[in-house]
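Notes to accompany the following structure.
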Amino acid sequence: MEYNFREAEKKWQEKWEEAGVFHAQDNADKPKFYGLVEFPYPSGAGMHVGHIKAYSGLEVVSRKRRLQGYNVLFPIGFDAYGLPTENYAIKTGIHPRKVTDDNIAKFTDQLKRVGFSFDWTRVIDTTDTDYYKWTQWIFLKMFENGLAFRDKTLVNYCPSCKVVLSNEDSQGGKCDICHSDVVQKSKDVWYLRITEYADKLLEGLEKVDYLPNVKQQQINWIGKSRGAFVQFTLKNIPETLRIYTTRPDTLFGVTFMVIAPEHPLIDRYQDQIGNMDAITAYRAECAKKTEFERTQLVKDKTGVKIEGLTAINPVNGKEVPVYISDYVMMGYGTGAIMAVPAHDDRDYAFAKKFGIDIIEVIEGGNIQEAAYAGDGKMVNSGFLNGITDKQTAIAKMIDYLVENGIGEGGVQYKMKDWAFNRQRYWGEPIPIVHCPHCGMVAVPYDELPLKLPEVENFEPGSDGESPLAKIDSFVHCKCPKCGGDAKRETDTMPQWAGSSWYFLRYVDPHNPESFADYEKLKYWMPVDWYNGGMEHVTRHLIYSRFWYKFLYDLGVVPYEEPYAKRTAQGLILGPDGVKMSKSRGNVIDPNEVVDVYGADVLRTYVLFMGDYEKAAPWSESSVKGCKRFIDRVWNLQTILTEGDSYCAKLESLLHKTVKKVSEDIEALKYNTAIAALMTLLNGVYDAGEINRAELRTLLILLNPFAPHVTEEMWETLGYGEMLARDATWPTYDPSKCVDSTVEIVVQICGKIRAKLTVPTDISAEEAIRLAKAEPRIAAEIEGKTVIKELYVKGKLVNIVAK
RNA sequence: GCGGAUAUGGUGGAAUUGGCAGACACGUUAGAUUUAGGAUCUAAUGCGCAAGCGUGCAGGUUCAAGUCCUGUUAUCCGCACCA
């Protein structure tokens, strides 16, 4: 009797939905488990198998938890604002709302066909007014608390998408969406002051269970450094030049200063600069370079000496020249540095090129050859001379700076404030009104949601203005404060906004009074386990932690961290071993796999194909292997016998399998969990029969991976109505995981010479005696001196003889 | 350049505290079944005719090393002139 997976899968998906078995119960008496997967962006291309792998991990954990008696929240939703949809709308003229709805319908259908146990009563859509009302609400709270502000600065601008991008969206000088070169542009933009939470984000990492490299990436991204600010007086100019350094201990080795091309000092003292023409020319040259060029041309240092500007080293009164160079960034520290060529590679390269003095202040390197960044004895350094410990020297110097009022210790972060707006249509409107009298005024809370107006043309303005700016009825409004004529903010929020708090809405998705009820949050939060892609570890994961911590400070969410545990799945590569992409044509559509082999096979394969955390190529023939496995499970019916307890032949194997599968699922080792189930299956066929009690255990263990076939067998064979609702996860007896006899190897000097079957609890003496009694071993040690004899319990006997 | 990871059969990948390397699959080969193909079942399958040799490479520690130590190479990922 062949297994009709098409019929069975459809049937069980409907039954689960009818019975509501995967609905999370609020405030239930059971222990809770909140498993979270990154909700998809509903693109027109539909899902690919990578999504399936990403969701299958916690799908298995969630199903197992339910069988273990947990109240499980395993939700799904759609992160639906974003550029691809908008660009598609521009191209086709179809409204993004329609595009989004169609795509969501497509994704929903695909997800349901795989049989994921999501709670479909809690689906959220970030473009839904009931949802983005609260996104706007959180933004206004940030605005109220000074965390959302507007500032004019150089921004990363994508000329192709016509949008301002955050640093995170323009890594490597390429637009994250269309991959064209990003240019620098001066613009008035919204920022979220994420830097204010830098320390909290850093400290919070100590309390959570994230993969080590996830933590490390966040630490690097935040990029905290300790150092000192130092004031250098300028000759003939009534102003000081403030610099940041991590090496205040090398202050005596300063031979020049460098300021960034955009440094404001230059504009203020143009008259006193002898070579303003050359400097203006250099600045123009730098402005032309994209961020990418500027950071890529690392090898070659360029710059211009500023004639007429001389700085005075505050620790020794020495006069040093000031240069302008683009190896110093305006956006980090103070945009000015003290250069110590003897002990910094970049300063060294610059000094060599411009023929500037190099003064050694730390012994240990050869400054004729290269800069020396290591430790050593301080020399040429006044009161620091003779110190050999860097930390002591730094501490002493900072004390000196403070005492003399010329500087202080300080910290800097690589992380910048978050550019929080896009000049685009398909995003949450920023609920702010610009009033000529009152300035920026928040839209009152009771007017939320501020709905996205209908427009005809989604194309952004040529100067990078939002399409909303063209809608008069939207733009013109009354100031909520003074009632006078005012204009609305026309920028929208970036793609990352909606995903920064979605996990909170799942807890209470239909609440009209607040983003989520505090008591429900207290029950469900924090997310027990969050799985997603490595690519979201520095952006989404930091942003959402920031929003959550802000809400925590407001007192509207409990607990300090949103996610207790974070893991990441590896990519599924194309059959050609390269990352799947439309352009390469190596994308695998999950629907096709479901059609041909069934959902259970797809689910099993994506978890069996390799280490869950590593990338692995798709292999059609390995999919067939999983198909064979499922069919062999189905065919167990042909050798089923009666029996309500494990028979002796399979007892130990069953206990071992329960242990292995239970433990491996928790450790993200789905591939070996499935391998253990295959081993069990092979064992059953070797035994030639399986009784009802044994099959029951096998079905439950396999259920999280292959829920349809196991349900179908559960019902057909009369175990009950519904496995997912009625079954209990099996337990194992550790004493039964051990066999009564074990095969050990006998080694001579570490080389295997014989194998021996002995009782598991054999004594060392007895094992060695038996080993020596083996004819082959006896022959080997004949005439030699036995130096050492070892017995490793249940493993081996090793006899060292000469 | 900095940080992190990885390296095991023809392929994907397994291997507690160091203790039988190659679990489980895929593929391949042979056989059975089948009109044929496919599917299924059975057996074999690291390399070598052998003694032996085998976990990127070179050393080291140990009775014993994929695992620990030192050095080195390659690949991948993240950050990248961050002072």
Would you report the distance distribution of C-alpha pairs in segment A:217-332 as whole percents per 5 angstrom bin, up to the bin with the largest distance?
2, 10, 19, 21, 19, 15, 9, 3, 1, 0
Report the label-to-label distance for A:V745 and A:S581 in nanometres (one decimal), using points 7 Å from each Cα along the Cα→Cβ vector.
4.6 nm
For A:Y34, A:Y791, A:Y518, the accessible-area ranking with a 1.4 Å probe, largest leading, is A:Y518, A:Y791, A:Y34
Does anything in segment A:397-417 have its amide N under 19 Å from the 7 Å Cα→Cβ label point of A:R242, and if so which residues?
A:398-417
Between helix A:49-67 and chain A: long-axis angle, C-alpha atoms, 0 to 90°, nearest 10
60 degrees
Set the Förster distance to 45 Å, then compute FRET efficiency between A:M534 and A:M276 from the Cβ-Cβ distance, nearest 0.05.
0.40
Out of segment A:400-455, which GluC sites (Glu not before Pro) are coil in DSSP terms and have no more than 14 other C-beta atoms within 10 Å?
A:E454
If you place +1 on the Cβ of every Lys and Arg, -1 on the Cβ of every Asp and Glu, and leave all else neutral, what size is the dipole of segment A:489-598 about its Cα centre, to the nearest 20 Debye?
380 debye
Could you tell me whether segment A:630-687 comes out rounded, prolate or oblate from its Cα gyration tensor? Rule is a ≥ b ≥ c as square roots of the eigenvalues, rounded for a/c under 1.5, then prolate if a/b exceeds b/c, otherwise oblate.
oblate
For the table A:K64/A:K669; A:K751/A:K784; A:K112/A:K669; A:K64/A:K660; A:K106/A:K520, the rows whose alpha-carbon distance is greater than 21 Å are A:K112/A:K669; A:K106/A:K520
If I fit a long axis through the Cα atoms of helix A:599-608 and take the longest principal axis of the Cα atoms of chain A, what angle between them do I get, 0 to 90°, rounded to 10?
70 degrees
So what is the accessible area of chain A per residue, in Å², with the probe set to 1.4 Å?
43 Å²
Added length on full extension, which subtracts the Cα-Cα distance from 0.36 nm per residue, A:E447 to A:R692:
82.0 nm
A:D553/A:C178 FRET efficiency (R0 41 Å; Cβ-Cβ; nearest 0.05)
0.65
Karplus-derived HN-Hα couplings along segment A:660-667 (A = 6.51, B = -1.76, C = 1.60, θ = phi - 60°), whole Hz, x at Gly and Pro
4, 5, 4, 6, 5, 4, 5, 9
Quickly work out the A:T731-to-A:H95 label distance, labels modelled 7 Å from Cα along the C-beta direction, and quote it in nm with one decimal.
5.8 nm
For segment A:365-515: rounded, prolate or oblate by the Cα gyration tensor [a/c cutoff 1.5]:
prolate
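Please give me, ordered by residue number, the GluC sites (Glu not before Pro) of segment A:634-742 that lie in loop per DSSP and have at most 13 other Cβ atoms within 10 Å.
Listed in order of number, the matching sites are A:E642, A:E721.
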Using heavy-atom solvent-accessible surface (probe 1.4 Å) with all chains present, what is the largest-first order of A:D508, A:D553, A:D446?
A:D446, A:D553, A:D508
Phi to ³J(HN,Hα) by Karplus 6.51 cos²θ - 1.76 cosθ + 1.60 over segment A:335-351, Hz, x for Gly, Pro
x, 9, 10, 8, 9, 10, x, 5, 10, 8, 4, 5, 5, 4, 4, 5, 5
Which value in deg cm²/dmol, rounded to the nearest 500, describes the helix-derived mean residue ellipticity at 222 nm for chain A, given -39,500 (n - 2.57) per DSSP H run of n ≥ 4 and division by the residue count?
-11000 deg cm²/dmol
Suppose the chain between A:D26 and A:N682 were pulled fully straight at 0.36 nm per residue; how much longer would it get relative to their current alpha carbon spacing?
231.9 nm
Over the Cα atoms, compute the radius of gyration (one decimal) and Dmax (the largest Cα-Cα distance, rounded to a whole number) for chain A, in Å.
33.5, 110
Run the dipole for chain A about the Cα centre, Lys and Arg Cβ at +1, Asp and Glu Cβ at -1, nothing else charged, and hand back the magnitude in debye, nearest 20.
1440 debye
Scalar couplings 3J(HN,Hα) for segment A:581-588 by Karplus 6.51 cos²θ - 1.76 cosθ + 1.60 (θ = phi - 60°), nearest whole Hz, x for Gly and Pro, are 8, 4, 5, 7, x, 10, 7, 9
Show A:T195, A:T492 ordered by accessible area, largest first, where the area counts protein heavy atoms only and the probe is 1.4 Å.
A:T195, A:T492
A chain fully extended from A:E721 to A:D644 at 0.36 nm per residue, minus the present Cα-Cα distance, gains in nm 25.9 nm
Given axes a ≥ b ≥ c from the Cα gyration tensor, I'd like to know whether segment A:643-802 is rounded (a/c under 1.5), prolate (a/b larger than b/c) or oblate.
prolate
Restricting to Cα pairs under 8 Å and 6 or more apart, the percent relative contact order of chain A works out to 14 percent
Accessible surface of chain A, 1.4 Å probe, proportion on carbon and sulfur as whole %:
49 percent
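The values are calculated or read from the model by the stated rules, or taken from the named source; none is laboratory data. Computed from a prediction, not measured in an experiment: that's the story for all the values here. In this analysis, Cβ positions are derived from the backbone assuming ideal geometry, glycine residues included, and neighbour counts consider all displayed protein chains. For accessibility, only protein heavy atoms count, side chains too; no ligands or nucleic acids. Shrake-Rupley method; radii C 1.70, N 1.55, O 1.52, S 1.80 Å.
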